[in-house]
Amino acid sequence: MGDNLNIHAVIPRSRVNGPGTRLVVFFQGCARHCEGCFNPATHSFEQRELITPEALLGRHLSKGIEGITVSGGEPFAQPKGLLRLLELAASSGLSTLVYTGFKLEEVMEDEARDACLAFVDVLIDSPFASDLIEPTLLARGSTNQRIHFLTSRYVIGDLYMQGRAEVIIGADGVVRKTGFSSLDA
């Protein structure tokens, strides 16, 4: 796959997936299969949409975007493509927030994954735990997930979102939901 990304979905504009208005990229493929995962359709490693990081940003990045949020699936399962995406975002002045089921220490043990950290402003790590649902508007799914500020760009107060979820109606008329709630509750 190289620098190509296997993408599950892209949300061009979101205000509940990190600070400000963000481009959200959901990677396809995750071996963890956390019970109660908000995105179980991202678990399969089968090819969904292969795209280069350059093409992804060219197609989806628009004015007024503060940064990108990378989620999944598991972004670090595709370290070469993730690295290129983060490099491009950082070189464009965009902030970067990455969610991972790995712990920071595990990411650092792998050279390819560790290289990505140089381009991450905020890393939210650890597997989702359905018995520890985050009760506040803090941008994480469960309270066991740790927030690592890898640069000084943000502080904890920046990670309190306007809501737990949002519904987006795309130009194609498709209704999508995103955030930290199944919206079924």
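Every number here is computed from the coordinates shown, using simple stated rules; none is lab data. Note that this is a predicted model, so its numbers are computed, not measured. Positions of Cβ are backbone-derived with ideal geometry, glycine not excepted, and every protein chain shown enters the neighbour counts.
Projecting the Cα atoms of Pro40, Gly20, Ala115 onto the dipole axis of the stretch 5-175, where Lys and Arg carry +1 and Asp and Glu carry -1 at the beta carbon, places Gly20 farthest toward the positive end.
Distant-in-sequence amide contacts of His8, defined by a placed amide H-H separation under 5 Å and a gap of 5 or more residues or a different chain, comprise Phe26, Phe27, Gln28. Under the combined filter of DSSP loop state and at most 16 neighbouring Cβ atoms within 10 Å, the stretch 40-99 retains these chymotrypsin sites (Phe, Trp or Tyr not before Pro): Phe45. About the centre of its Cα atoms, the stretch 5-175 shows a dipole size close to 520 debye [charges on the beta carbon of Lys, Arg (+1) and Asp, Glu (-1) only; nearest 20 debye]. The share of Cα pairs per 5 Å bin across the stretch 5-175, counted from zero up to the longest distance, runs 1, 9, 18, 24, 23, 17, 7, 1, 0 percent. What residues from the stretch 128-144 fall in the zone where the backbone N is under 15 Å from a label point 7 Å along the Cα-to-C-beta line of Glu66? Within reach of a label on Glu66, which here means backbone N under 15 Å from a point 7 Å along Cα→Cβ, the stretch 128-144 contributes 138-140.
Using Cβ point charges alone (K and R +1, D and E -1), the dipole size of the stretch 91-161 about the Cα centre works out to roughly 280 debye.
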